[in-house]
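Participant: Got a structure for you, written out below as structure tokens; questions coming shortly.
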Amino acid sequence: MQPDSAIYRARRQRVLEQMGEGVMVIATAPEVPRNRDTHYPYRHDSYFYWLTGFNEPEAVLVLVGGAAPRHVLFCREKNEEREIWDGFRYGPAAACEVFAFDEAFACDTLDTELPGLLENQPVLAYIIGRDMAWDTQVMGWLNAVRGRARSGVLAPSHLVDARVWLDEMRLVKDGHELALMRRAAEISSRAHGIAMRATRPGRHEYEVEAELLCAFRSGGAEAPAYTSIVASGANACVLHYVFNNQPLRDGDLLLIDAAAEFGSYAADITRTFPVNGRYSAAQKDAYELVLAAQAAAMTAVRPGAAWIAPHDAAVRVLTQGMVDLGLLAGEVDGLIESKAYDRFYMHRTGHWLGLDVHDAGEYKIKGDWRPLQPGMTLTVEPGLYIRPADDVPEALWNIGIRIEDDVAVTESGCEMLTTPPKTVAEIEEWMRG
């Protein structure tokens, strides 16, 4: 399928307008060896892809600002022999046309061409400090330009981290991005429903993970958006558990944090449900507390609200619930002020979502939590993690619960993107089916 080049060219034009005079250089991600003669499945750099729609390795974008702006791509040459082994390559000529660049060159000419593009430009913007090898290469180009000072050539005098502009632009999604995220959420929601119905005592966490992976690919997703967490029993109290190798025991809960990537955009969903299809009384009490916290957080997602507002709303509900369950004692305000709840709930209630699961964008502006605005996309994911302890009611031991959904901020509130069964009644009925 051909990319809609107009979308990506318009984004690059926005960057040029923000930057004014200067040059921005953005490289895609390198291929990563998995072992002696194979690589991990290739995944492009998110910044590069957001600006180009181009998903081949060994590619660099150069944007030249000023009175005569230029969109320039460096990419691999056409190579019939390599295409026999590794698949299709656009090559510079086709890439220039298909992806709406003004010029395209072979990537092995980068060291020759790049210094000329930097000459007499006041600013060089790139992603500083992420890759030392890339930093070294950039310094080499700058030094090549400085070496021509006696000829009257000026090198850029200011280095700027390109994320200053790109993070803010990526933070608010356009219609094209939201459509891809809705599809990622749809595929992921369906996969969670399949995983619930595949769960029963005696199976293993990895068997449920296999159901998820099959549903992702059969739904059209390129890959999981991140390593799937399939955590049963006490494993659910480990926030980033990824071993997924334990048997599923009757009476335990199963926490699944897993989602697909579609069109390079991520979903991010967590559900927690009983292995045997029915919540015990203690599990139900804990689960409905987290569900109530999520509902309170969702209500706080609206334009103009501070980023932290959903978290604050969830913490208040969770802290009161911890008192009611006998996990904490004291006044709710004091427990929140002292962060006593942190023993059982130790993470934020969400994060930005997009091309990256933890997507680009700052959470504070000049020390203040930033206000939400339409087009921002985020997760809402309160949790409760109860490890065994002498001062914890035994019925609650090893209960780990997280409920996570994806939302897009709208003009009047938020749009729920993810839809797997969520209430106790919905989950128990779904699993009986």
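Participant: Identify all lysines with a Cα-Cα distance to Lys339 below 26 Å; exclude those on the same chain that are fewer than 8 residues away in sequence.
Facilitator: Lys284, Lys364, Lys366
Participant: If you restrict to DSSP beta bridges whose two residues both lie in region 28-178, what percentage is antiparallel, to the nearest 5?
Facilitator: Details: 6 of 14 bridges.
Antiparallel bridges: around 45 percent, rounded to the nearest 5.
Participant: If you bin the C-alpha pair distances of region 1-156 every 10 Å from 0, what whole percents do you get?
Facilitator: 10, 38, 35, 14, 3
Participant: What is the sum of charges around Ala29, taking Lys and Arg as +1, Asp and Glu as -1, for the other residues whose C-beta is under 13 Å from the C-beta of Ala29? Could the numbers behind the result be given before it?
Facilitator: Details: positive: Arg43, Arg130; negative: Glu31, Asp45, Glu56, Glu58, Asp131, Asp356.
Within the 13 Å Cβ shell, the charges total -4.
Participant: Using Cα-only point scatterers and the Debye equation, what is log10 of I(q)/I(0) for the chain at each q in 0.08, 0.09, 0.13 Å⁻¹, rounded to two decimals?
Facilitator: So the normalised log intensities are -0.54, -0.67, -1.14.
Participant: I would also like to ask the following. Per residue of the chain, what 222 nm ellipticity follows from adding -39500 (n - 2.57) for every DSSP H run with n ≥ 4, rounded to the nearest 500?
Facilitator: On the way: 13 runs with 158 residues, N = 433.
Mean residue ellipticity at 222 nm (helix-derived): -11500 deg cm²/dmol.
Participant: Ok, one more. His39: accessible area at probe 1.4 Å, nearest 10 Å²?
Facilitator: 100 Å²
Participant: Show me, for region 98-113, the HN-Hα J-couplings you get by feeding each phi into the Karplus relation (A = 6.51, B = -1.76, C = 1.60, θ = phi - 60°), rounded to Hz, glycine and proline as x.
Facilitator: 5, 9, 6, 9, 6, 8, 9, 10, 5, 5, 7, 9, 4, 5, 7, 7
Participant: Output wanted: per-residue J couplings in Hz (rounded whole) for region 272-286, from phi through Karplus 6.51 cos²θ - 1.76 cosθ + 1.60, θ = phi - 60°, x for Gly and Pro.
Facilitator: With coefficients 6.51, -1.76 and 1.60, one gets 10, 8, x, 4, 8, x, 9, 6, 6, 4, 5, 4, 5, 4, 5 Hz.
Participant: I'd like the orientation of helix 175-198 relative to the chain: the angle between its Cα long axis and the longest Cα principal axis, in ° from 0 to 90, rounded to 10.
Facilitator: Roughly 40 degrees between the two axes.
Participant: Ok, one more. Treating the beta-carbon of each Lys and Arg as +1 and of each Asp and Glu as -1, no other charges, what is the dipole magnitude of the chain about its Cα centre, to the nearest 20 debye?
Facilitator: Working: 42 positive and 62 negative charges, 31 e Å.
Charge dipole, the chain, about its Cα centre: 140 debye, nearest 20.
The values are calculated or read from the model by the stated rules, or taken from the named source; none is laboratory data. The structure presented is a predicted model; accordingly, all values stated were derived computationally and were not measured. We place every Cβ from the backbone using ideal geometry, glycine too, and count neighbours over all the protein chains shown. Side chains are part of the model used for accessible areas, which takes the heavy atoms of the whole protein and leaves out ligands, DNA and RNA. Shrake-Rupley method; radii C 1.70, N 1.55, O 1.52, S 1.80 Å.
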